[in-house]
Amino acid sequence: MSRRGHYVRTVLGLGVALAAGAALLFGAPAQSGEPQPVALTAAWPGAARGSVPSKLADGSEFTPGLFLDAKTSVGTAQSADSKTLRLVVRDPDGNLLELRKVPAEHRAPFAGLTLSGNTLIWVESIDGKQQLWSGDRHDPKTARMLTADVGAMQFYDSDHDLVVADGRVHWVAGGKGDETEFRSVALTGGPVTVTTQKGTWSLAAWPWAVDGQHSARGTTTLRNLTTGATVATPSAERSVTGCGATWCQMVSINEDGYSRIELSHPDGSARRKILEGNVETAITDVAVLDRFEVLAKVTSQSELSGNQQLVVYDLSNRHLVLVSPDAANITYRAGVLWWSTGDQSSYIRNSLDLRTI
């Protein structure tokens, strides 16, 4: 479950905790009239798919942070002697290209992996200090630090935590009091530009930003960082709103204590119900690629396995597609959706390139 999904469920549970909690714990029949999911192979037979074992050939763990396509990934791997953590590109045959390495005492040192052309951008955390790095995905010799002047970087487990636009890398950082810093640096490095805005903001598809990251209501405003124009987003009582540049997602609890998920454009137009029942948002981003709403359904098996059904609502034809009946650690970046199947001792990460649908 995404951080936003957990946050939404926590907030909405304040008003209807008993009803919703009972539904989630013990399960419930499908809501009448709800769409039944279509199997992935039937809905999208030509979609590119892949799978990545959790361990490398030498037995060390591999944690992907970005899929370049369904079978090529970038992530963190421990060295065979356990002394270093490496940032590597793993190709479809399991071959590794090492881009960077740091001492193993730095836990989770690589984050925010983003690709622009062949340039990979990432954040390194060393001794509690963050730095922004880049390099050609094919050439380890090109890895270089862009800047250490990153401020108090704020990541929201979103595809837009780092945004590349107009030859610059953009991110948000915590400011003084109730302020957000919008920071950027050229892809070639150099001085960092900083502007501030009251509120807690995150980036969406450039040039938009959304507020309400720490608000019980969620997003209330979109702001164009180029023109300064704003758009007030839809909201309702006992509802939490999350928005991207094109779509907003409203999550509420219905009269029976189940989740109700709706989508509309930020101006409130084209509002529609997506799904209702034992369902929650699975990732932070809303309607990725302006087409796919990624959701997780709680089933009677979820209490036993801790996993969920991974389903995707296709806005182009209003079909609900069953991607996996038993998914954990659901993640999305740059057009590729991936999730884990199996248990903690032996699991596989499965991937689906939504750009190929």
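The values are calculated or read from the model by the stated rules, or taken from the named source; none is laboratory data. The model shown is predicted, which means the values in this text are computed figures rather than measured ones. Counting neighbours? That spans all protein chains shown, and the Cβs are built from the backbone with ideal geometry, glycine included.
In the list 92, 109, 64, which residue meets the criterion of being at pLDDT 90 or above, buried (at least 16 other Cβ atoms within 10 Å of the Cβ), farther than 18 Å from residue 142 by Cβ and not polar (S, T, N, Q)? None of the others qualify; the one that does is 64. Is there a residue in region 267-275 that is among the hydroxyl-bearing types (Ser, Thr, Tyr) and not in a loop (DSSP other than H, G, I, E, B)? Within region 267-275, not a single residue is among the hydroxyl-bearing types (Ser, Thr, Tyr) and not in a loop (DSSP other than H, G, I, E, B). Residue count for region 105-121, restricted to those that are within 17 Å of residue 75 (Cβ to Cβ) and touching a residue at least 40 places away in the same chain (Cβ under 8 Å): 8. Restricting to strands (runs of 3 or more DSSP E) lying wholly in region 280-357: which have 2 or more residues that are under 23 Å from residue 260 (Cβ atoms)? Answer list for region 280-357: 292-297, 308-314, 319-333. Scanning region 341-357 for residues that are at pLDDT 95 or above and either surrounded by fewer than 20 Cβ atoms within 10 Å (Cβ to Cβ) or of a type outside the set (D, E, K, R) (or both), we see that the one that is farthest from residue 116 (Cα to Cα) is 350.
Please enumerate the residues belonging to region 128-155 that are surrounded by fewer than 19 Cβ atoms within 10 Å (Cβ to Cβ) and within 24 Å of residue 283 (Cα to Cα). Matches in region 128-155: 152, 154, 155.
It is to be established whether one or more residues within region 129-137 are out of contact with any helix residue (DSSP H, G or I) (no Cβ under 8 Å at 6 or more places or on another chain), without any contact (Cβ under 8 Å) to a residue 12 or more places away in the chain and of a type outside the set (Gly, Ala, Ser). Checked against the condition, which is being out of contact with any helix residue (DSSP H, G or I) (no Cβ under 8 Å at 6 or more places or on another chain), without any contact (Cβ under 8 Å) to a residue 12 or more places away in the chain and of a type outside the set (Gly, Ala, Ser), region 129-137 yields no hits at all. When region 221-235 is filtered for residues that are buried (at least 17 other Cβ atoms within 10 Å of the Cβ) and either more than 26 Å from residue 116 (Cα to Cα) or of a type in the set (Gly, Ala, Ser) (or both), the ones remaining, listed by number, are 231, 233, 234.
Only one entry of 269, 305 meets the criterion of being hydroxyl-bearing (Ser, Thr, Tyr), free of Cβ contacts under 8 Å to residues at least 24 places away in the same chain and closer than 30 Å to residue 231 by Cα, and that entry is 269. Can you work out which of the residues in region 177-216 that are charged (D, E, K, R) and in a strand (DSSP E or B) is surrounded by the fewest Cβ atoms within 10 Å (Cβ to Cβ)? The residue in question is 198. Given the criteria over 22 Å from residue 352 (Cα atoms) and either without any contact (Cβ under 8 Å) to a residue 24 or more places away in the chain or not polar (S, T, N, Q) (or both), does residue 232 qualify? The answer is yes for residue 232. Only a single criterion out of (1) touching a Ser or Thr at 6+ places or on another chain (Cβ under 9 Å); (2) at pLDDT below 95 is not satisfied by residue 161, namely (2). Summed over region 298-312, residues that are out of contact with any helix residue (DSSP H, G or I) (no Cβ under 9 Å at 6 or more places or on another chain) and either closer than 14 Å to residue 159 by Cβ or buried (at least 22 other Cβ atoms within 10 Å of the Cβ) (or both) total 3. Within region 158-176, being surrounded by 14 or more Cβ atoms within 10 Å (Cβ to Cβ) and part of a loop (DSSP other than H, G, I, E, B) holds for 158, 159, 160, 161, 162, 175.
Total residues in region 96-120 satisfying the condition of being over 22 Å from residue 203 (Cβ atoms) and not in a strand (DSSP E or B): the figure is 6.
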